[in-house]
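Novice: Dropping the structure in here first, questions after.
Each reported figure results from applying straightforward, stated rules to the coordinates on display, with no laboratory input. Keep in mind the model is a prediction, meaning the values are calculated, not measured. Glycine also receives a Cβ, built like all others from the backbone with ideal geometry; neighbour counts cover every protein chain displayed.
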Amino acid sequence: MGDMVVVRKEGLYCVPGQFYIDPWRPVDRAVITHAHGDHARVGHGHYLSSASGVNILKSRLGDIHIDGIEYGDTVVHNGVTVSLHPAGHVLGSAQVRMEHKGEVWVASGDYKVEPDRTCAPFEPVRCDTFITESTFGLPIYRWQPQQDIFDDINLWWRKNAEEGRCSVVFAYAFGKAQRILSGLDPGIGPIVCHGAAEPLNKVYRAGGVDLPPTAMVTDVDKQALRRAIVIAPPSAAGSPWMKRFGDYSDAFASGWMQLRGARRRRGVDRGFILSDHADWPGLMTAVRATEAERVIVTHGSISVMVRWLCQQGLDAAGFDTEYGDDEAEETATTVIAGVENA
């Protein structure tokens with residue numbers, strides 16, 4: 001029996017189903033795991049996503065022909081039974097389960113195993129072959145519980161506010177920004193969001209996610225800004241938009257902050273190690289939970305993870321894909337270069 005999913009120049013292709021998963025070139029039929037830019041692109045004829053991901057995809061891609069299905073519901077396409085299951089990455093993120101002639105493959109997209117308040121938690125799906133990401137697929141990556149990180153952020157913000165200094169956190173506008181918001185203590189001061197994140201906050205709230213009240217910078221007077229925390233995309237760093245915050249303290253929130261030197265290259269005061277991807281133990285837990293005998297590793301530390309999985313007695317290999325890293329998508333190339341040279 002041939003492989004159910006192969007790599008074509010357009011992207012991951014389900015051979016019997018005749019559809020693509022997160023294709024990077026325009027195709028007729030695309031199943032989208034989540035709305036980060038390296039997985040969800042414009043130009044496909046028809047999109048399928050989780051129901052909770054539809055409005056995020058529309059807000060990012062515009063007027064697309066899209067259907068959403070609830071987690072766990074099935075659709076049959078060319079004899080392949082397709083269902084979507086929570087990936088725990090960001091709002092609407094899903095793993096794609098494909099069953100054909102008794103064989104089951106699961107493509108994970110991006111995922112994390114620690115539950116958070118902003119999306120449905122990761123759900124292991126049993127399968128024969130599991131396609132996993134490996135963004136942080138090195139044993140050095142081990143995350144602290146997110147509440148510890150939220151406590152650190154609030155402590156830092158409170159101290160700055162008491163000293164009359166604005167706090168700025170650089171974080172990816174979709175997913176990371178909302179997760180940070182969910183952990184902030186609004187009693188400390190005003191919460192300001194950059195224009196890149198605020199429209200997504202609205203989609204999250206409309207989707208039933210509880211976020212504290214946020215304001216645009218123009219809604220907050222200069223005096224109040226000195227007690228505020230500002231959530232902005234990394235691309236805002238060094239831009240004229242930042243000038244209005246005066247003498248601010250800044251931080252960067254990313255899994256990459258675990259690397260020595262990453263914070264220094266960013267030129268920020270603080271690095272908060274918060275990732276929407278699984279760490280090394282999380283990846284291993286997820287792989288084991290699928291009970292898959294075969295594992296295909298994509299985007300990240302492919303060779304290290306493949307070698308490790310083979311040593312554990314699994315049939316493991318890598319897929320060469322064009323997925324980037326949402327953590328690094330916005331001007332974080334310096335950090336990635338640092339990883340490659342580390």
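Novice: What is the ratio of the Cα radius of gyration of the range 146-272 to 2.2 N^0.38 Å, with N the residue count, to two decimals?
Specialist: 0.97
Novice: What are the residues whose amide H is under 5 Å from the amide H of T298, where those residues sit 5 or more places off or on another chain and H is modelled from the backbone?
Specialist: Close amide H contacts, sequence-distant or interchain: T132, E133, S134, F319.
Novice: Ok, one more. Need one number: % antiparallel among DSSP beta bridges in the chain, to the nearest 5.
Specialist: Expressed as a percentage, antiparallel bridges in the chain total about 35.
Novice: To continue, here is another question. So, in nm, how far is label K202 from label D28 when the simple model puts each one 7 Å beyond its Cα toward the Cβ?
Specialist: 3.6
Novice: Return the lysines within reach of K222: Cα separation strictly under 17 angstrom, same-chain partners fewer than 8 residues apart disregarded; answer none if there are no such residues.
Specialist: Here the lysines satisfying the reach criterion relative to K222 are K243.
Novice: A follow-up question, please. Can you give me the three principal axis dimensions of the range 1-97 from its C-alpha atoms, in Å, biggest first?
Specialist: Taking the Cα atoms of the range 1-97, the three principal extents are 39, 28, 22 Å.
Novice: Then there's this: Rounded, prolate or oblate: which one fits the range 81-165, using the alpha carbon gyration tensor with axes a ≥ b ≥ c (rounded when a/c is under 1.5, else prolate when a/b beats b/c, else oblate)?
Specialist: Since a/c reaches 1.5 and a/b is larger than b/c, the shape of the range 81-165 is classed as prolate.
Novice: Something else now. Going by amide H atoms built from the backbone, whose H comes under 5 Å of the H on R270, apart from near neighbours?
Specialist: The list, which skips near neighbours in sequence, is D250, A251, F252.
Novice: Taking H as built 1.01 Å from N, whose amide H comes closer than 5 Å to the amide H of F19, not counting residues under 5 places away?
Specialist: C14
Novice: Tell me, what does the Kirkwood hydrodynamic radius of the range 228-318 come to in angstroms if you use every pair of distinct C-alpha atoms?
Specialist: One over the average 1/r among Cα pairs gives 16.0 Å for the range 228-318.
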